[in-house]
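> This is the structure, below, for whatever I ask next.
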Amino acid sequence: VQLVESGGGLVQSGGSLRLSCAASGSIYSINVMGWYRPAPGKQRDLVAAITTSNTTNYVDSVKGRFTISRDAAKNTVYLQMNSLKPEDTAVYYCNFADRSGTYWGQGTQVTVSS
């Protein structure tokens, strides 16, 4: 499975960005896609995830500000990030997991200036 991310950039505090991640290759119909970022003491920590049945999960710090969604036909996941804060600054990594394994994108930089 290959993952191609896009949508990172520089934005002022309070602004918005939308990340995209397209998966390609041998993809099982049941999978989970999500976004991770580094966290203190962890290499990468979950930001948000969505299953093929559209069940979502968010880290508490982004609830109410970030929305994860997916386009099943395009095998693409999106992360709409609103009300961005300087502490959201990080490299965001797309993750894809199915019964064949776990795969990571190359990462996309999000920088929020105060």
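The values are calculated or read from the model by the stated rules, or taken from the named source; none is laboratory data. Please read all numbers here as calculations on a predicted model, not as lab measurements. Note: ideal-geometry Cβ built from the backbone for every residue, glycine included; neighbour counts use all protein chains shown. For the accessible areas, the whole protein counts, side chains as well, though only heavy atoms, and no ligand, DNA or RNA atoms are used. Shrake-Rupley method; radii C 1.70, N 1.55, O 1.52, S 1.80 Å.
> Which one is surrounded by the fewest Cβ atoms within 10 Å (Cβ to Cβ) among residues in region 67-80 that are of a type outside the set (Gly, Ala, Ser) and within 10 Å of the chain's Cα centre (by Cα)?
Ranking the qualifying residues of region 67-80, first place goes to Gln80.
> With the requirement that a residue be over 29 Å from Ser53 (Cβ atoms), open to solvent by 60 Å² or more (accessible area, probe 1.4 Å) and assigned to a strand (DSSP E or B), what does region 82-113 give you? So that I can check it myself, show each step before the final result.
Within region 82-113, the first condition is being over 29 Å from Ser53 (Cβ atoms), and the residues that meet it are 85-87, 89, 109, 111-113.
After this cut, where a residue has to be open to solvent by 60 Å² or more (accessible area, probe 1.4 Å) as well, the list is 85, 87, 109.
Listed by number, the list holds a single entry, Gln109.
> Of everything in region 65-81, what is assigned to a helix (DSSP H, G or I) and of a type in the set (Lys, Arg)? Give them in sequence order. It would help to see each step written out before you state the result.
From region 65-81, those assigned to a helix (DSSP H, G or I) are 72-74; that's our starting set.
Within region 65-81, just Lys74 meets the criteria.
> For region 58-76, does any single residue satisfy the condition of being closer than 13 Å to Gly105 by Cβ and in contact with a Leu (Cβ under 6 Å, 6 or more places away or on another chain)?
no
> Now for a separate question. Restricting to region 81-105, count the residues that are under 21 Å from Gly25 (Cα atoms) and under 12 Å from the mean Cα position of the chain (by Cα).
6
> Which residues, counting only those in region 19-66, are open to solvent by 80 Å² or more (accessible area, probe 1.4 Å) and in contact with a Ser or Thr (Cβ under 9 Å, 6 or more places away or on another chain)?
Those that are open to solvent by 80 Å² or more (accessible area, probe 1.4 Å) and in contact with a Ser or Thr (Cβ under 9 Å, 6 or more places away or on another chain): Ser26, Tyr28, Ser29, Ile30, Asn54, Asn57, Gly64.
> Output the strands (runs of 3 or more DSSP E) that fall wholly within region 1-63 and possess 3 or more residues being closer than 26 Å to Lys85 by Cα and over 12 Å from the mean Cα position of the chain (by Cα), or say none.
Details: elements: 2-6, 9-12, 17-24, 32-39, 42-51, 56-58.
Output list reads 9-12.
> So, one more: Residues of region 1-18 being open to solvent by less than 30 Å² (accessible area, probe 1.4 Å) and either within 18 Å of Ala72 (Cβ to Cβ) or not aliphatic (A, V, I, L, M) (or both), which ones?
Leu3, Glu5, Gly9, Gly15
> Something else about it: Considering only residues that are without any contact (Cβ under 8 Å) to a residue 60 or more places away in the chain and among the polar types (S, T, N, Q), which ones fall in region 1-50?
Ser20, Ser24, Ser29, Gln43
> In the set Asp71, Asp98, which member is touching a residue at least 40 places away in the same chain (Cβ under 8 Å) and of a type in the set (Asp, Glu)? I'd like the intermediate steps shown before the answer.
Numbers: Asp71 fails: touching a residue at least 40 places away in the same chain (Cβ under 8 Å).
Being touching a residue at least 40 places away in the same chain (Cβ under 8 Å) and of a type in the set (Asp, Glu) holds for just one of Asp71, Asp98, which is Asp98.
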